[in-house]
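Notes follow the structure.
The values are calculated or read from the model by the stated rules, or taken from the named source; none is laboratory data. Not measured: the values here are computed from a predicted model. A quick note on method: Cβ atoms are made from the backbone with ideal geometry, for glycine too, and the neighbour counts reach across all protein chains shown. When the accessible area is computed, the model is the full protein with side chains, heavy atoms only, and any ligands, DNA or RNA have been set aside. Shrake-Rupley method; radii C 1.70, N 1.55, O 1.52, S 1.80 Å.
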Amino acid sequence: MTLKQQLKRDLWSKRYRFYHLAEKVGISNGYLSLILIGERTPPDEMADRLARVATSLTGLEYTPQHFTSK
């Protein structure tokens with residue numbers, strides 16, 4: 001399962017969507033999508049924010065490495 005598929009499943013289980021994550025992190029949906037498919041690597045600070053917000057929304061542990069590894 002890819003990160004995008006896993007995160008989608010985890011967000012949907014809590015009735016959230018990718019746009020909720022993007023909005024709370026302060027990035028566009030398009031940029032989030034590029035990160036999730038491995039086309040872009042976010043700066044460390046943004047990877048930290050993505051992990052923190054994804055963990056908060058899903059209740060599952062996401063780390064910055066989830067968003068920086070391909």
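Values as computed for the structure displayed
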read-out	value
Dipole magnitude (debye, nearest 20) for the chain, charges at Cβ of Lys, Arg, Asp, Glu	320
Probe 1.4 Å, all protein chains present, accessible-area order of Arg15, Arg52, largest first	Arg15, Arg52
For the chain: accessible area per residue (Å², 1.4 Å)	64
Alpha-carbon radius of gyration plus Dmax, which is the widest Cα pair, for the chain in Å	10.5, 28
Area of Arg49 that stays accessible when all protein chains are in place (1.4 Å probe, Å², to 10)	70
Angle between the chain longest axis and helix 44-58 axis [Cα atoms, degrees, rounded to 10]	10
Computed E for Lys24/Glu45 - FRET, C-beta separation, R0 22 angstrom, nearest 0.05	0.90
Fraction of accessible area attributable to carbon and sulfur, the chain (%, probe 1.4 Å)	47
